[in-house]
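**Student:** Structure provided below as structure tokens; questions to follow.
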Amino acid sequence: MTTTTTPPKDAAPGAAPGQPSAREVLLRGLRGNMRQYGMLIALASIVLLFQIWTDGTLLLPNNVSNLVQQNSYILILAMGMMIVIISGHIDLSVGSLVAFVGAMSAVMMVRHDIPWVPALLLALLIGAVAGAWQGYFIAYLGIPSFIVTLAGMLLFRGLTQIVLEGQSIAPFPEGFQNLAKGFLPEMGPYTQYHNPTLLLGLAAVVVLLLREWRDRRRQLAYALDVPPTGVWVLKCVAITAAVVAFTLTLASFHGVPVVMLIMCALLIGLGFVMRNAVIGRHVYALGGNKAAAKLSGVKDKRVTFLVFVNMGVLAALAGCVYAARLNAGTPQAGLNFELEAIAAAFIGGASMSGGVGTVMGAVIGGLVLGVLNNGMSLVGIGTDYQQVIKGLVLLAAVGFDVWNKRKAGT
């Protein structure tokens with residue numbers, strides 16, 4: 001007697017018996033990426049809200065460029081902070097380190113006439129040494145990161161006051177200022193748009209689509225669940241539309257800001273390390289289960305040390321960008337930057353328990369805060385209410401993470 005198996009009603013056409021339907025695959029993918037997709041939807045909703053509320057001012061080309069430059073140092077810090085939190089630690093010293101590096105940069109360039117390129121490299125080296133100093137206490141002496149970086153926050157803030165003697169030092173060379181306020185130079189024939197920006201946008205579309213196609217082909221090769229073809233094509237169309245719209249917006253003003261190129265390089269580099277490099281997988285392993293990671297041969301002390309060195313370098317870079325934007329080294333630089341970076345990381349998908357999060361998620365979280373700040377300022381909401389709203393957004397993001405974990409039964 002022959003027995004036939006009837007596929008489920010919502011099964012994909014041609015699906016083998018027992019294979020998940022297209023609907024099941026789609027729902028499973030959405031659940032697995034709930035936090036990331038949720039933040040993207042939240043960001044798009046906030047942009048749409050303020051675009052309507054400000055009568056189109058939010059997405060004007062000059063405001064978009066200003067938004068990128070205004071939030072660049074927080075996004076740089078957020079990328080490093082995300083990696084620190086994934087490893088199961090925290091860094092409270094980054095705001096003070098931003099101020100200290102900015103002060104040292106001012107002293108080198110203004111008082112001692114050191115050219116801006118060597119001064120920038122020395123500033124990054126100072127950040128690396130500061131990160132290594134804190135990383136040594138955390139990784140090799142076993143002092144909790146909260147205590148070490150709290151001490152670092154006080155120490156670097158005090159050193160900033162000592163170096164600057166309570167006064168601002170300015171101005172910086174034009175080349176250094178261009179780190180934060182410069183744009184990619186125009187090239188080629190005259191058009192209504194910035195030609196190099198158009199080429200970069202086209203390259204970005206090609207690279208992103210090739211990556212989507214490669215990831216889908218790899219998942220199919222290993223018999224993993226993939227979204228239905230129609231959904232995947234729709235995703236590719238959405239990515240293309242978003243990149244093209246953003247590119248045309250920037251190209252209709254002065255083009256791509258220099259600091260955006262720096263951030264993109266960091267995003268690509270750090271994202272690759274965290275996804276594909278051995279040390280990136282070790283960072284996730286340490287944050288997820290430190291004891292199991294150590295038993296598996298992960299050199300926990302070395303990995304933790306390098307995580308804080310990386311954070312120190314990124315804090316130094318953010319300090320240089322912030323100082324370049326202000327065109328001065330100031331004693332009050334970097335105030336509450338550590339809280340902004342931590343908030344961006346948690347809004348972008350980090351977990352207090354560690355082992356969860358992506359570098360891209362940190363950027364999305366930083367953009368959520370940046371658009372909120374910019375949009376609320378454009379509509380005239382006071383800074384007091386802005387703090388209240390940002391606090392509620394952070395609480396909602398972390399609450400959503402807790403709810404999602406409980407629902408998943410983890």
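The values are calculated or read from the model by the stated rules, or taken from the named source; none is laboratory data. Since the structure is predicted, the reported quantities are computational estimates derived from the model, not experimental observations. Reconstructed Cβ throughout: ideal geometry from the backbone, glycine too, with neighbour counts over all protein chains shown. Heads up: the accessible areas ignore ligands, DNA and RNA and are worked out on the full protein's heavy atoms, side chains in. Shrake-Rupley method; radii C 1.70, N 1.55, O 1.52, S 1.80 Å.
**Student:** Return the long-range amide H neighbours of S87 (sequence gap of 5 or more, or a different chain), with a cut-off of under 5 Å between placed amide H atoms.
**Tutor:** Amide H to amide H, under 5 Å and 5 or more residues apart or across chains, S87 pairs with G355.
**Student:** Something else now. Report, to the nearest 10°, how far helix 229-251 tilts away from the longest principal axis of the Cα atoms in the chain, using its own Cα long axis and a range of 0 to 90°.
**Tutor:** 20
**Student:** Within 10 Å, count the other beta carbons around each residue, average over each peptide in 77-88, 345-356, and list them highest first.
**Tutor:** 77-88, 345-356
**Student:** Something else now. Just give me a number: lysine pairs in the chain, eight or more positions apart or cross-chain, with C-alpha atoms less than 24 Å apart.
**Tutor:** Values: K290/K299; K290/K301; K290/K405; K390/K405.
Pairs that pass both the separation and distance tests number 4.
**Student:** Show S252, S72 ordered by accessible area, largest first, where the area counts protein heavy atoms only and the probe is 1.4 Å.
**Tutor:** Values: S252 55, S72 0 Å².
The residues order as S252, S72, largest area first.
**Student:** In whole percent, how big is the carbon plus sulfur part of the accessible area of segment 185-256, probe 1.4 Å, protein atoms only? Before the final figure, lay out each step's value.
**Tutor:** Numbers: 3490 of 4830 Å².
Carbon and sulfur atoms account for 72 percent of the accessible area of segment 185-256.
**Student:** Which value, in debye to the nearest 20, gives the size of the charge dipole of the chain about its Cα centre, when Lys and Arg are +1 and Asp and Glu are -1 at the Cβ? Present the calculation step by step, with values, prior to reporting the outcome.
**Tutor:** Details: 26 positive and 16 negative charges, 288 e Å.
Roughly 1380 debye, rounded to the nearest 20.
**Student:** Calculate how steeply helix 383-408 sits against the longest principal axis of the alpha-carbon atoms of the chain, using the helix alpha-carbon long axis, and give the answer as 0 to 90 degrees to the nearest 10.
**Tutor:** 40
**Student:** Taking Rh as the Kirkwood radius, which is the inverse of the mean 1/r over Cα pairs, what is the Rg/Rh value for segment 185-256?
**Tutor:** Here the Rg-to-Rh quotient is 1.15.
**Student:** Calculated FRET efficiency, D384 and V107, Cβ-Cβ r, R0 30 Å, to nearest 0.05? Spell out each step's value before the answer.
**Tutor:** On the way: r = 35 Å, r/R0 = 1.18.
Approximately 0.25, to the nearest 0.05.
**Student:** On to the next question. By accessible area of protein heavy atoms, probe 1.4 Å, what ranking do D225, D91 get, highest first?
**Tutor:** On the way: D225 65, D91 5 Å².
Descending accessible area places them as D225, D91.
**Student:** Take each of the peptides 303-309, 375-381, 150-156, 185-191, average the number of other beta-carbon atoms within 10 Å over its residues, and list them starting from the highest.
**Tutor:** Values: 303-309: 23.1, 375-381: 14.7, 150-156: 18.4, 185-191: 9.1.
Ranking, from highest mean packing down: 303-309, 150-156, 375-381, 185-191.
**Student:** Could you state the angle between the C-alpha long axis of helix 94-106 and the longest principal axis of the C-alpha atoms of the chain, as a value from 0 to 90 degrees rounded to the nearest 10?
**Tutor:** Value to nearest ten degrees: 40.
**Student:** For H112, tell me the accessible area in Å² from a 1.4 Å probe, rounded to the nearest 10.
**Tutor:** 120
**Student:** Listed highest first by mean packing, meaning other Cβ atoms within 10 Å per residue, what order do 162-169, 119-126 come in?
**Tutor:** Values: 162-169: 14.5, 119-126: 18.8.
Descending packing order for the listed peptides: 119-126, 162-169.
**Student:** Between L224 and V237, what length in nm is gained on full extension when 0.36 nm per residue of separation is reduced by their alpha carbon distance? Intermediate values should be presented prior to the final figure.
**Tutor:** Numbers: separation 13, 0.36 × 13 = 4.68 nm, distance 2.27 nm.
Working it through step by step, the gained length comes to 2.4 nm.
**Student:** Could you work out the equivalent-ellipsoid semi-axes for segment 260-335, taking the square root of 5 times each eigenvalue of the Cα gyration tensor, largest first, in whole Å?
**Tutor:** Working: eigenvalues 202, 46, 12 Å².
One finds semi-axes of 32, 15, 8 Å for segment 260-335.
**Student:** Oh, and also: Given that just one value was derived from the coordinates, which of (1) 23.2, 94; (2) 29.1, 125; (3) 25.9, 84 is Rg and Dmax of the Cα atoms in Å?
**Tutor:** Given (1) 23.2, 94; (2) 29.1, 125; (3) 25.9, 84, the calculated one carries the label (1).
**Student:** Give me the 1.4 Å probe accessible area per residue for the chain, excluding ligands and nucleic acids, in Å².
**Tutor:** On the way: 20840 Å² over 410 residues.
That works out to 51 Å² per residue.
**Student:** Determine the order of K181, K407 by accessible area, beginning with the largest, at a probe radius of 1.4 Å.
**Tutor:** Numbers: K181 80, K407 140 Å².
Sorted descending by solvent-accessible area, the residues read K407, K181.
**Student:** Still on this structure: For Cα pairs less than 8 Å apart in space and 6+ apart in sequence, what is the mean separation divided by the residue count of the chain, i.e. the relative contact order in percent?
**Tutor:** Numbers: 612 pairs, mean separation 134.3, N = 410.
Value for the chain: 33 percent.
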